[in-house]
Amino acid sequence: MDHSDHLLGVNELAAYLAVPVKTLYSWRYRRQGPPALRVGRHLRYRWSDVQQWIDERIDEGSLGSPSARPQTDRQESLTADRRGRS
């Protein structure tokens, strides 16, 4: 088996990225993290997908930078409302 085909569990990926497991589940819910697949009732991440996701974040300059993430229409609306109240 090629290393790029290796499947990581949630705990393994969380340790590798140095983030809490809860963060991975949150990213998955918001579709912000690396793509995952279900094996039975377990989440698994392909090593090649994780590497690609990391490379994309580095290229965007957004690894760990919340300001680099695109805002949703609702977030933009809330930001505009806050500016109007100041």
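The values are calculated or read from the model by the stated rules, or taken from the named source; none is laboratory data. Because the structure is a prediction, the values reported are computed rather than measured. FYI the Cβ positions are ideal-geometry reconstructions off the backbone, even for glycines, and counts take in every protein chain you see.
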Exercise. Name the helices (runs of 4 or more DSSP H) wholly inside region 1-63 in which the number of residues that are in contact with a Ser or Thr (Cβ under 6 Å, 6 or more places away or on another chain) is 2 or more.
Key: 47-60
Self-check item: Members of region 14-35 that are in contact with a helix residue (DSSP H, G or I) (Cβ under 6 Å, 6 or more places away or on another chain) and hydrophobic (A, V, I, L, M, F, W, C)
Solution: 14, 21, 24
Practice problem: Could you list, in sequence order, all residues of region 37-57 that are exposed (fewer than 14 other Cβ atoms within 10 Å of the Cβ) and in contact with a strand residue (DSSP E or B) (Cβ under 9 Å, 6 or more places away or on another chain)? | Solution: 37, 38, 39, 42
Self-check item: Lone qualifier among 40, 61 - being more than 15 Å from the chain's Cα centre (by Cα), of a type in the set (Gly, Ala, Ser) and modelled with pLDDT of 65 or more
Solution: 40
